[in-house]
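See structure below.
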Amino acid sequence: MSVNSEYLGAVIKYLEVLEEQEMEKIVLNGKETYLFACPFCSKYVQTDQAKQNKTGRLVKVQDNTWVFSCRRGFSKECRGGVRSFHNFLAFLHPG
């Protein structure tokens with residue numbers, strides 16, 4: 001098992017606890033994808049329904065290579081398109 005796979009498993013568990021919902025695993029455009037409520041911008045929306053919308057996604061682009069994107073983009077962390085998994089982790093847990 002690669003380091004990225006281990007981190008991915010840990011991040012999935014962390015986000016499920018943080019967002020209090022299970023991540024949804026789908027195939028999108030032929031790529032393995034996890035959908036979840038964005039941990040960065042969900043706090044900026046007003047309604048509970050909007051907070052639960054699964055706008056964040058982790059997409060497998062190559063073997064053990066994942067990228068993050070958010071369809072909402074309300075915060076500086078999720079605005080501006082696709083971020084590498086490494087940058088996603090740095091924003092998710094700085095320090």
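The values are calculated or read from the model by the stated rules, or taken from the named source; none is laboratory data. Here the structure is a predicted model, which means the values were calculated and not measured. Methodologically, a virtual Cβ is constructed for each residue, glycine included, from the backbone with ideal geometry; neighbour enumeration extends over all protein chains shown. Remember, those area values only see protein heavy atoms, side chains included, never the ligands or the DNA or RNA. Shrake-Rupley method; radii C 1.70, N 1.55, O 1.52, S 1.80 Å.
Points to keep in mind about this one:
- Unit charges at the beta carbon, dipole of the chain: most positive-side option, Ala10, Cys78, Asn64: Cys78
- Probe 1.4 Å - accessible area at Tyr44, Å² to nearest ten: 120
- Straight-distance candidates among the lysines for linking to Lys51, with alpha-carbon spacing under 22 Å and chain neighbours fewer than 8 residues away dropped: Lys13, Lys25, Lys43, Lys76.
- Within the range 1-83: Cβ-based charge dipole about Cα centre, in debye rounded to nearest 20 (Lys, Arg +1; Asp, Glu -1): 420
- Rounded to the nearest angstrom and listed largest first, the equivalent-ellipsoid semi-axes of the range 25-68 from its Cα gyration tensor are 24, 10, 5.
- Over the chain, Cα pairs under 8 Å with separation of 6+ residues give a relative contact order of 19 percent.
- Solvent-accessible area, 1.4 Å probe, carbon plus sulfur percent, for the chain: 50
- Euclidean distance of C-alpha centroids, the range 49-85 and the range 1-41, integer Å: 10
- Computed with a 1.4 Å probe over protein heavy atoms only, the accessible surface of the chain comes to 63 Å² per residue.
- 3J(HN,Hα) along the range 52-65, derived from phi through the Karplus expression 6.51 cos²θ - 1.76 cosθ + 1.60 where θ = phi - 60°, amounts to 7, 4, 8, 8, x, 8, 10, 10, 7, 9, 8, 4, 6, 10 Hz, with x in place of Gly and Pro.
- When the chain is treated as a Gaussian network with alpha carbon springs shorter than 10 Å, the biggest mean-square fluctuation among Gln21, Gln62, Gln52 belongs to Gln62.
- Over the chain, dividing the summed -39,500 (n - 2.57) contributions of all DSSP H runs of at least 4 residues by the number of residues returns a 222 nm mean residue ellipticity of -9000 deg cm²/dmol.
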